[in-house]
1. Being in a strand (DSSP E or B), farther than 12 Å from residue 621 by Cβ and of a type in the set (Val, Ile, Thr) is the filter here; which residues of segment 571-605 pass it?
2. Of everything in segment 340-364 that's charged (D, E, K, R) and either in a strand (DSSP E or B) or at pLDDT 95 or above (or both), which residue is nearest to residue 439 (Cα to Cα)?
3. Mind checking which pairs have a first residue in segment 156-176 that is farther than 17 Å from residue 202 by Cα and without any contact (Cβ under 8 Å) to a residue 12 or more places away in the chain and a second that is not in a loop (DSSP other than H, G, I, E, B) and not small (Gly, Ala, Ser), Cβ under 8 Å, 6 or more apart or different chains?
4. Could you look through segment 216-253, keep only residues that are in contact with a Ser or Thr (Cβ under 7 Å, 6 or more places away or on another chain) and within 26 Å of residue 171 (Cβ to Cβ), and pick out the one that is surrounded by the most Cβ atoms within 10 Å (Cβ to Cβ)?
5. Taking interchain pairs and intrachain pairs at least six residues apart, which have beta carbon atoms under 6 angstrom, with the first residue in segment 131-148 and of a type in the set (Lys, Arg) and the second part of a strand (DSSP E or B)?
6. For residue 630, work out the one condition from (1) surrounded by fewer than 20 Cβ atoms within 10 Å (Cβ to Cβ); (2) of a type in the set (A, V, I, L, M); (3) over 15 Å from residue 42 (Cα atoms) it doesn't fulfil.
7. What tally of residues in segment 204-215 results from selecting those that are surrounded by fewer than 17 Cβ atoms within 10 Å (Cβ to Cβ) and not aromatic (Phe, Trp, Tyr)?
8. Within segment 460-487, can you find the residues that are small (Gly, Ala, Ser) and in contact with a Leu (Cβ under 6 Å, 6 or more places away or on another chain)?
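The values are calculated or read from the model by the stated rules, or taken from the named source; none is laboratory data. The model shown is predicted, which means the values in this text are computed figures rather than measured ones. Cβ placement follows ideal geometry from the backbone for every residue including glycine, while neighbour counts extend to all protein chains displayed.
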Amino acid sequence: MRWLLVIWIFIHCILPTACAQEIPVNTEQQLENLTDADQAETEDDSYLQQLEYFRKNPVNLNSADANELKDLRVLTDLQIENLISYRRLFGKLISLYELQAVPAWDINTIKKLLPFITVTTNVTLTEQLSSRFKDGEHSLLFRLSQILEKSRGFDNASTGTRYLGSPQRLFFRYRYSYKNLLQYGVVADKDAGEQFFKGTQRKGFDFYSFHLFARKMGLIQAVAIGDFTVNMGQGLIQWQSLAFKKSAEVLGVKRQSPVLRPYNSAGEFYFHRGAGITIKQGRWETTVFASIRKLSANFATDTLNKEDFVSSFLNSGYHRTVSENEDRNKLTQTSFGGNILYRGDRWHIGLNTVYYQFSRPVQKRDEPYNLYAVNGKTWHNLSVDYSYTYKNLHFFGEAAVAKNSGKAFVNGLLVSVDPRVDISFVQRTIAASYQAVYGNAFTENAYPANETGFYSGISIRPANGWKLDAYADIFKFPWLKYLVDAPSRGTDFLAQLSYTANRQFEIYTRFRNESKQTNQTGNISTTNFLVNLPRQSWRTQFSYKVKNVLSLRNRVEALWYDKLGNNRETGFLIYNDIIYRPVLQPFSGILRLQYFETDGYNSRIYAYENDLLYSYSIPAFFDKGCRYYLLINYDIDKKLSFWLRFAQTVYPGKQSVGSGLDEIKGNRKTELKAQIRWIL
């Protein structure tokens, strides 16, 4: 309690501000849902980098093309098509207020966009190649984080497996950028437990990444050298960038992105390393890419043929122990592919393909649910994606086939029924035999495979400030899954009511009910059987600006897992944020005080936490405990900024926290993060 008192006095009496990189509330929910589905936080911070870039360099709506508007990740294709048609019909926008006249553009969308857009009538001259390389912005960022308590993996006195390196995590990024036309840079990352300039890491960091990415050079729309991501169609065959799934943002069901994007994040799996180029001539657009890179993987030996094969890919990026280092970069993946796209006035059709070759054959563990998994030394996918806009309707989809002839289809429809009502539909039919190495479509499963389903969503704005979002999703899995020993089914329903009274007060409340079938835990009979495991959650969150510099935010959430069954658990979480944000002041910070209590891991609750610039945290809270964190930022001058974050979770009555090598003796876990950014 003394720590809480010290922090309270510090933020009220010493700090004149409190702030962090802000993202829309619905985006926070999308990130929470994504973390819940994957049970891991993504290390792709490109979305946060984009938000910060567009704050400093707003998109000019009078000159932006469809790809630039997609980069905002707020607009649907229907809204983008309507804006382009509006410009074509009426000419350039005179004021941002004019956006209210664009069909399918509502006040909520415009408010989300305001920090990132502008309207100018200045003629943009052709950028000279020399100015791209000399008139841009150089930035250096260094981040250090550490769990202060010593876990079992770092205990030299313990026997057996242990971490070889130090407990600090280090991250470094250098980036040069000129408008949205050129960027290049280097990323270096060392995870906690990995060695640094010794042992297996004689070259320092465990992971290095370089990228050079240029846009709009005559016929060349984009060129990528080094590390980059490839995103095609609706994600059935390839989507490596961050992509959201179901949330209260019911119109965000379509995958939208240029095919090539630069990669400069810390994740070590979802990207290509090589070169790619996009060429546009008239209505035709062509992209080709090639990549060769090393992957970490688990290997096993076929004793009959005396040949090693890959039993699983390792995408965590951890190389902390002897065994993890033995699996490091043991597999060579060669890949190439491309996209040919034709755009009509309000429609498009594209052909996509990707091919992989592995240095060792892939053969997943011999389990029934792995019957159709990627296998062999090669794999390839082919797809056609398409879209068509007619008045207030936008239809889109993709049809794909894999090497083993497995087929997949995703089709969707966005409809602006009324200036106050929008609806969305997504239907997917993905065969149990369909597989894609880097697929990421709008599905219930983490990857597009073994699923049929129908999703429908509606967004209603009945009166100024009020908004109702709801969706229903019904799905089936025709083949077995991990811990699901028979074909299964499920449902997912959500309703959220939001009210924004003014700039000072905003509140939303939501209820979600999802149910899936899985094996009954603890079953001792010869044949396993499936049970329905429903999970309901109710959440209310409000934010209130007391004065121009002080805001309060509160969330209450309750969760019921298998409420009437044999596996029932309940969970509860409440937190309060104090946000103090003055204008044109060098300091900033946020204080959160939180309490949570759940019966177990199945009733865990995720909560988005503000973090250092370009990062965020979404821990899973279970058991019983209290948590608080303090985030402060100090801008030393216009070019040099510093961040510090202190977070601690206390579990009353527990003798240890965590498990395995991450087990900590005692009842608390404390994390300290520091970051400095220098703009040259």
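1. Start the filter on segment 571-605 by keeping residues that are in a strand (DSSP E or B), which leaves 571-580, 587-598, 605.
Then keep just the ones that are farther than 12 Å from residue 621 by Cβ; that gives 576-580, 587-593.
Of everything in segment 571-605, those that are in a strand (DSSP E or B), farther than 12 Å from residue 621 by Cβ and of a type in the set (Val, Ile, Thr) turn out to be 578, 579, 590.
2. So the first thing to find is which residues in segment 340-364 are charged (D, E, K, R), and the list is 343, 345-346, 360, 364.
Subsequent filtering for residues that are either in a strand (DSSP E or B) or at pLDDT 95 or above (or both) retains 343, 360.
On the way: 343: 24, 360: 21 Å.
Per the stated criteria, the residue is 360.
3. Final answer for the pair search is 158/152.
4. Restricting to residues being in contact with a Ser or Thr (Cβ under 7 Å, 6 or more places away or on another chain) and within 26 Å of residue 171 (Cβ to Cβ), the top hit is 229.
5. As it stands, the answer is 132/178; 132/182; 143/171; 143/675, since those pairs meet every condition given.
6. Going through the list (1) surrounded by fewer than 20 Cβ atoms within 10 Å (Cβ to Cβ); (2) of a type in the set (A, V, I, L, M); (3) over 15 Å from residue 42 (Cα atoms), residue 630 breaks only (1).
7. Of the residues in that region, 1 qualify.
8. Initially, segment 460-487 is screened for residues small (Gly, Ala, Ser), giving 463, 465, 470, 472, 486.
Scanning segment 460-487 gives a single hit, 486.
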